[in-house]
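J.: Here you go, one structure.
Throughout, read-outs are computed from the coordinates displayed, never taken from laboratory work. Note that the structure is predicted; figures quoted are calculated from it, not measured. Reconstructed Cβ throughout: ideal geometry from the backbone, glycine too, with neighbour counts over all protein chains shown.
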């Protein structure tokens, strides 16, 4: 049976957006922090994967959001390994408030790559068994994203990949894609709406110096996104929103 690993953290000023709530990209960063610390606790963290020339990468996140925690709140981030197969592993995260209520529920899909060839590798048992998940032949399906057609694109914004967009796996950090996706939406919309569900899938790596374009369409409080490279799609996402008018007061 998989062990639950948890950390407690206050929501800091640099982690919130203009609503003074934990930003969506920072939700992903805190999940990664929790999983990294569990790996180090089990002595199979990034030092061991680096020694083998390997790196864990995320293929997809599915988030269900009851609410985002506010500046100054202390939250608990829990993680637990899920099913794993020859090449893929599932991992769950829960973010809880001070009363122990689940406010964000995350499922994630992971793979292991060779840092030089960038190819997926078969999961070594000694890097997955200690987490306690169940080995299966076929993993449970995750949320399917409705793809954007070229003639549907309503909003676009280009980006040049910077040095600080790159993480230790030598590619654009997974939270940066979500930043690009949110940035293309109208400010008035994101000020007056809260995301209740987010699915983001990573298709192809983006590296330093690449140029990408964030593209989106918005209809019926659902936004669909893709980050387009010159040679294909880097990432896709679907976000469901609820209207929350006047959530930003002038005295904040």
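J.: Name the residues in the stretch 1-22 that are under 19 Å from residue 167 (Cα atoms) and in contact with a strand residue (DSSP E or B) (Cβ under 9 Å, 6 or more places away or on another chain), would you?
T.: Correct list: 15 only.
J.: Here's a follow-up. Output yes when any residue across the stretch 174-190 is within 16 Å of the chain's Cα centre (by Cα), free of Cβ contacts under 8 Å to residues at least 40 places away in the same chain and either surrounded by fewer than 20 Cβ atoms within 10 Å (Cβ to Cβ) or closer than 27 Å to residue 39 by Cβ (or both), and no when none is. Show your work before the answer.
T.: Taking the stretch 174-190 first, the residues within 16 Å of the chain's Cα centre (by Cα) are 174-183.
Checking the rest, the ones that are also free of Cβ contacts under 8 Å to residues at least 40 places away in the same chain come to 183.
Now restrict to residues that are either surrounded by fewer than 20 Cβ atoms within 10 Å (Cβ to Cβ) or closer than 27 Å to residue 39 by Cβ (or both): 183.
Yes.
J.: Please go through the stretch 146-177 and pick out each residue that is under 19 Å from residue 208 (Cβ atoms) and in a helix (DSSP H, G or I).
T.: 163, 164, 165, 174, 175, 176, 177, listed by residue number.
J.: How about the stretch 223-240: which of its residues are free of Cβ contacts under 8 Å to residues at least 40 places away in the same chain and surrounded by fewer than 20 Cβ atoms within 10 Å (Cβ to Cβ)?
T.: 229, 230, 231, 232, 233 - these are the residues of the stretch 223-240 that are free of Cβ contacts under 8 Å to residues at least 40 places away in the same chain and surrounded by fewer than 20 Cβ atoms within 10 Å (Cβ to Cβ).
J.: Please tell me if residue 220 is under 24 Å from residue 104 (Cβ atoms) and exposed (fewer than 13 other Cβ atoms within 10 Å of the Cβ).
T.: yes
J.: Restricting to the stretch 10-38, what's the tally of residues that are assigned to a helix (DSSP H, G or I), out of contact with any helix residue (DSSP H, G or I) (no Cβ under 9 Å at 6 or more places or on another chain) and closer than 20 Å to residue 71 by Cα?
T.: 4
J.: Output the residues belonging to the stretch 241-252 that are assigned to a strand (DSSP E or B) and surrounded by 13 or more Cβ atoms within 10 Å (Cβ to Cβ). Spell out the reasoning first.
T.: To start, the set of residues in the stretch 241-252 that are assigned to a strand (DSSP E or B) comprises 241-243.
Across the stretch 241-252, the qualifying residue is only 241.
J.: In addition: Tell me whether the stretch 214-234 contains one or more residues that are in contact with a strand residue (DSSP E or B) (Cβ under 6 Å, 6 or more places away or on another chain), assigned to a loop (DSSP other than H, G, I, E, B) and closer than 27 Å to residue 33 by Cβ.
T.: Checking the stretch 214-234: not a single residue is in contact with a strand residue (DSSP E or B) (Cβ under 6 Å, 6 or more places away or on another chain), assigned to a loop (DSSP other than H, G, I, E, B) and closer than 27 Å to residue 33 by Cβ.
J.: So in the stretch 80-89, with the set limited to residues that are more than 17 Å from the chain's Cα centre (by Cα) and surrounded by fewer than 19 Cβ atoms within 10 Å (Cβ to Cβ), which one is nearest to residue 28 (Cα to Cα)?
T.: Top of the filtered list is 83.
J.: If you check residue 92 against the conditions, is it over 19 Å from the mean Cα position of the chain (by Cα) and surrounded by 13 or more Cβ atoms within 10 Å (Cβ to Cβ)?
T.: Numbers: over 19 Å from the mean Cα position of the chain (by Cα): no; surrounded by 13 or more Cβ atoms within 10 Å (Cβ to Cβ): yes.
Answer is no for this residue.
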